[in-house]
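The values are calculated or read from the model by the stated rules, or taken from the named source; none is laboratory data. Bear in mind that the values here come from a model prediction, so they are computed numbers and not experimental data. For neighbour counting, all protein chains shown are included, and Cβ atoms are generated from backbone atoms with ideal geometry for every residue, glycine included.
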Ligand code: SF4
Ligand code: SF4
């Protein structure tokens, strides 16, 4: 039964409430937008539209998903991207570093971020001048419930929005998963409920600490008008700046130096050249290549290396706050600490620094 439509808390000059989800392929932002629009239209009687934008290589590539809602008497005749979102959901905190992610936010917009950190810390990282900030560890919830982060983030979005109906969204989730994955309905509904209940929300009035966010659409430095002809790459070596950690879905390969026999199978199997080696001289004066471990900045979490390793020197682990390596290329050293480890199944036998498992080099 469709209840009487809720009034929208804010609208733009065309009378629409607009949302943008910034994500990477594989995290489920497209489906989340679809479910939310479906719930608002079929479950709450609003007018609405949903569409997404993503590249051809889907997993790991940038994805934007847009939801536009209007009152029942206002037709939606535009499918323009949402440049000025009343609610922006960032599906991975690494995207806070990407230029333009927060572009177009109103001073009182709602920002929802999937991040393990406290809400005040996230405000600092995002340099959010004002507005409502909602944070939740959707990755943690999804790993625990064996689901994906999108239904957890949906719970947080619904709670933070203040007008979306949780039961309508849950019905949309149940209908969607019920068709092809009926075994996933219960776990996804629980994931949604946990996102709804565990999100931390805080309002920040403008206090002058951070620059106001530009109201115009972010324009990348290279576009169709000024990109080099033929797609020429004019800054060789630029892949060193790539950060694939946002592609991982809560699981990563943990390296156990004490078990490793330096066979190199993991490096040959890894599709992204993640493994880092070092040349060392052993006690007999021989030079050997020794694996230092995966540089997890470039790891997308496919776990092929875990499968191929013959001695379980790489194990599948859940990402937890103590594994603070994301985006940091200097994670493994010093090499003598790794090489001289005594045989032991514990991964953290060398000195820890700031709660991290690995010592930094340099
Ligand atoms: S999980 Fe292993 S094989 Fe896959 S990208 Fe990461 S390091 Fe490479
Ligand atoms: S496959 Fe396993 S044993 Fe071989 S180098 Fe990689 S981590 Fe070490």
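For every residue, the table says whether it meets (1) assigned to a strand (DSSP E or B); (2) buried (at least 18 other Cβ atoms within 10 Å of the Cβ).
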| position | (1), (2) |
| --- | --- |
| 263 | no, no |
| 266 | no, yes |
| 279 | yes, no |
| 283 | no, no |
| 291 | yes, yes |
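Test residue 117 against the criterion of being in a loop (DSSP other than H, G, I, E, B) and over 22 Å from residue 8 (Cβ atoms), and give yes or no. It is true that residue 117 is in a loop (DSSP other than H, G, I, E, B) and over 22 Å from residue 8 (Cβ atoms). Criterion applied to 96, 111 was being crowded, with 17+ Cβ neighbours inside 10 Å and in a helix (DSSP H, G or I), and the one residue passing it is 96. Of the candidates 257, 248, the single residue that is near ligand 2 (Cβ under 9 Å from one of its atoms), outside the structural domain of residue 114 (by TED's automatic domain parsing) and surrounded by 11 or more Cβ atoms within 10 Å (Cβ to Cβ) is 257. In this structure, residue 291 does not qualify as in contact (Cβ under 8 Å) with a residue 60 or more places away in the chain and within 11 Å of ligand 2 (Cβ to nearest atom).
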